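As structure tokens, the structure follows; a few thoughts come after it.
The values are calculated or read from the model by the stated rules, or taken from the named source; none is laboratory data. Please read all numbers here as calculations on a predicted model, not as lab measurements. Virtual Cβ from ideal backbone geometry, glycine too; neighbours counted across all protein chains shown.
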Amino acid sequence: MNDALDVALRLVVVFAVFLVVPLVVGQTEHKVMAHMQGRLGPMHAGGFHGWAQLVADGVKFVQKEDVVPAEADRRIFQLAPAVALLPYLLVLVAIPIGPGEGAVGQVVDAGIFFVLAVMGVGVLGSLMAGWASANKFSLLGGLRTAAQLLAYELPMLLAAASVAMAAGTVSLPGIVGAFEWWWLPWQIVGALVFFVAGLAELQRPPFDMPVADSEIIFGAYTEYTGLRFALFLLAEYAGIVVLCGLTTVLFLGGWHGPFGADGLGWVWTLLKTAVLAFVVIWLRVSYPRLREDQLQKLAWTTLIPLALAQIALTGIVKVAIA
Amino acid sequence: MTFAATVATAATAATATSTHPAAPAAGPGFLSPTGVEIAFVLVGLVTFGAALVTVTTRQLVHAALWLVVALGGLAVEYLLLTAEFIAWVQVLIYLGSVVVLLLFGLMLTKAPVGRSPDADSGNRPAALAVAVAAAAALVWVVVDAFRTTWIDLGGPAQGSTEVTGRMLFQNWVLPFEALSVLLLAALVGAVVLSRKRGASDGGHGSDKERQR
């Protein structure tokens with residue numbers, strides 16, 4: 001009975017994090033983008049600097065009518081947001097924020113594989129949405145999503161493989177446990193490749209070709225309204241949290257920090273994740289959208305060779321210090 | 001506590017049977033199935049059903065999505081057999097890449113919403129015969145090979161990443177290397193094919209332009 005209670009409590013905590021942290025990132029994005037562009041951003045909802053803007057947005061989305069186009073494939077159209085969102089919830093379960101079993105939802109033996117595998121499934125949601133909408137813009141968005149995913153999955157995996165080689169384990173807590181400060185310069189190329197490929201997989205600017213609003217309206221999500229549209233947006237922000245958390249855990253040493261008492265390691269994890277999330281927002285404001293051929297070229301001729309070079313470097317150093 | 005062990009425990013608790021497998025001396029039997037075994041059979045039935053729908057449905061994209069269910073079911077079966085690493089690799093490669101590639105191909109060609117009446121060939125009986133023959137051969141071989149082998153779910157996981165890696169690179173390293181050479185050959189072949197076509201197309205195009 002105690003075990004069941006323990007599992008239930010962990011799931012509740014992970015679920016709460018899943019619902020709250022993406023909203024915090026979204027609100028930060030509103031404000032950071034606004035200030036970078038010389039605006040104030042939302043100021044009214046909730047009173048103090050518009051802190052409740054996303055809550056108000058949520059209420060608005062819930063009130064909207066849930067429309068399914070007449071020509072659409074009804075069931076798949078309705079199922080797609082869940083397929084896009086749920087994988088990120090599952091991934092969040094496996095990300096450790098502190099040492100010990102108390103600071104991770106569930107220790108997964110082959111953690112890296114679990115995380116990357118389940119994240120890859122989320123893209124099926126975009127594909128389903130793009131196809132089932134029976135809309136040419138949506139289909140184009142779906143196609144671009146698939147092309148982008150196929151190109152960027154490989155460098156992401158290779159970069160993750162490099163850090164797994166360095167640590168000698170594929171378990172996420174194991175990797176952070178083995179982390180030393182000099183891994184940072186050693187794995188920096190892998191970290192950059194991983195982060196960039198992750199951004200592309202989330203379709204965040206500058207890799208937002210699949211949802212390019214000036215060309216194909218909103219890609220695969222064009223036909224969605226109300227709560228289902230909000231779920232897709234939530235999936236994007238949950239994806240940012242997961243990507244930043246993973247980069248922190250794999251490459252930035254998770255709960256290790258230059259100073260700080262034992263038991264406060266989770267603060268370091270959250271701090272690093274927050275800084276990375278800020279970088280994600282910053283990139284959105286400062287870089288123009290990449291064209292489709294530029295996207296493919298970046299993945300196949302830059303990121304994959306870099307990731308392979310990183311793996312070679314990891315292997316050499318590993319053998320040299322062994 | 002590994003994920004597989006959690007799943008196994010949850011399944012066992014759900015069906016309210018003993019957590020520990022029967023003692024090796026008595027030998028596990030078919031008449032007193034544990035929760036894991038029941039879950040295994042149920043997931044197997046779902047996988048089988050999804051696979052059947054995949055090959056019989058007339059809606060092409062639905063077939064691809066049912067394939068997702070079938071391959072996902074297989075991954076759950078691997079999990080129940082404590083082969084956690086294989087399960088996640090199955091999800092990563094098949095659900096995350098192969099099915100996405102399949103959907104990409106379908107969307108690029110012809111995948112209308114609704115039934116595709118022309119998505120049928122006259123080879124159904126032949127396909128059925130081949131499928132049944134292949135299934136019979138596989139079932140026979142697997143049953144014959146693993147007749148008396150039981151996985152001890154109570155002990156250390158026998159399909160963890162470490163065990164799988166050790167097995168792969170100690171006992172099966174030659175097939176592994178052979179497969180990687182095969183894949184490399186396929187990769188080189190794909191590059192050669194695509195380059196050749198691209199070069200000749202480009203050549204024709206530029207010739208025509210020059211003639212104009």
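Identification of helices (runs of 4 or more DSSP H) wholly contained in the range A:212-322 with 3 or more residues that are surrounded by 15 or more Cβ atoms within 10 Å (Cβ to Cβ) and over 20 Å from the mean Cα position of the chain (by Cα) yields A:304-321.
How many residues does the range B:129-160 hold that are modelled with pLDDT of 80 or more and either surrounded by 10 or more Cβ atoms within 10 Å (Cβ to Cβ) or in contact with a Gly (Cβ under 6 Å, 6 or more places away or on another chain) (or both)? Residues in the range B:129-160 being modelled with pLDDT of 80 or more and either surrounded by 10 or more Cβ atoms within 10 Å (Cβ to Cβ) or in contact with a Gly (Cβ under 6 Å, 6 or more places away or on another chain) (or both): 15 in total. When restricted to residues that are more than 16 Å from residue B:104 (Cβ to Cβ) and among the hydroxyl-bearing types (Ser, Thr, Tyr), the range A:111-134 contains 1. Only one of the numbered conditions (1) in contact with a Leu (Cβ under 7 Å, 6 or more places away or on another chain); (2) within 10 Å of another protein chain (Cβ to nearest Cβ); (3) surrounded by fewer than 20 Cβ atoms within 10 Å (Cβ to Cβ) is not met by residue B:93, and that is (1). For the range A:38-67, filtering for residues that are outside any helix (DSSP H, G or I), surrounded by 13 or more Cβ atoms within 10 Å (Cβ to Cβ) and without any contact (Cβ under 8 Å) to a residue 60 or more places away in the chain leaves 7. Comparison of A:106, A:27 shows that the only residue that is under 30 Å from residue A:253 (Cα atoms), of a type outside the set (D, E, K, R) and outside any helix (DSSP H, G or I) is A:106. Within the range B:51-109, the residues that satisfy the criterion of being touching a Ser or Thr at 6+ places or on another chain (Cβ under 8 Å) and outside any helix (DSSP H, G or I) are B:58, B:59, B:82, B:83.
Quick grid of which residues meet (1) in contact (Cβ under 8 Å) with a residue 24 or more places away in the chain; (2) away from every other protein chain (no Cβ under 14 Å); (3) part of a helix (DSSP H, G or I); (4) closer than 14 Å to residue A:281 by Cβ:
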position: A:6; (1), (2), (3), (4): no, no, yes, no
position: A:9; (1), (2), (3), (4): no, yes, yes, no
position: A:13; (1), (2), (3), (4): yes, yes, yes, no
position: A:19; (1), (2), (3), (4): no, yes, yes, no
position: A:35; (1), (2), (3), (4): no, yes, yes, yes
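No other residue among A:165, A:156 is more than 10 Å from every other protein chain (Cβ to nearest Cβ), modelled with pLDDT of 85 or more and touching a Lys or Arg at 6+ places or on another chain (Cβ under 8 Å) apart from A:165.
Is at least one residue of the range A:128-151 more than 10 Å from chain B (Cβ to nearest Cβ), aliphatic (A, V, I, L, M), surrounded by fewer than 24 Cβ atoms within 10 Å (Cβ to Cβ) and part of a helix (DSSP H, G or I)? Among the residues of the range A:128-151, at least one is more than 10 Å from chain B (Cβ to nearest Cβ), aliphatic (A, V, I, L, M), surrounded by fewer than 24 Cβ atoms within 10 Å (Cβ to Cβ) and part of a helix (DSSP H, G or I), which makes the answer yes. When the residues of the range A:170-189 are filtered to those that are within 11 Å of chain B (Cβ to nearest Cβ) and buried (at least 20 other Cβ atoms within 10 Å of the Cβ), which remaining residue is nearest to residue B:109 (Cα to Cα)? For the range A:170-189, the residue satisfying everything is A:170.
Screening A:99, A:69, A:42 for residues that are farther than 20 Å from residue A:118 by Cα and in contact with a His (Cβ under 6 Å, 6 or more places away or on another chain) leaves exactly one candidate, A:42.
Yes/no per residue for (1) more than 9 Å from chain A (Cβ to nearest Cβ); (2) modelled with pLDDT under 85; (3) surrounded by 11 or more Cβ atoms within 10 Å (Cβ to Cβ):
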site	(1), (2), (3)
B:78	yes, no, yes
B:82	yes, yes, yes
B:111	no, yes, yes
B:119	yes, yes, yes
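Conditions tested, residue by residue: (1) touching a strand residue (DSSP E or B) at 6+ places or on another chain (Cβ under 9 Å); (2) farther than 19 Å from residue A:54 by Cβ; (3) at pLDDT below 90.
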| site | (1), (2), (3) |
| --- | --- |
| A:218 | no, no, yes |
| A:221 | no, no, yes |
| A:225 | no, no, yes |
| A:229 | no, no, yes |
| A:233 | no, no, yes |
| A:243 | no, yes, no |
| A:251 | no, yes, yes |
| A:254 | no, yes, yes |
| A:261 | no, yes, yes |
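Of everything in the range A:117-127 that is facing chain B (nearest Cβ under 7 Å) and touching an Asp or Glu at 6+ places or on another chain (Cβ under 8 Å), the residue that is nearest to residue A:73 (Cα to Cα) is A:123.
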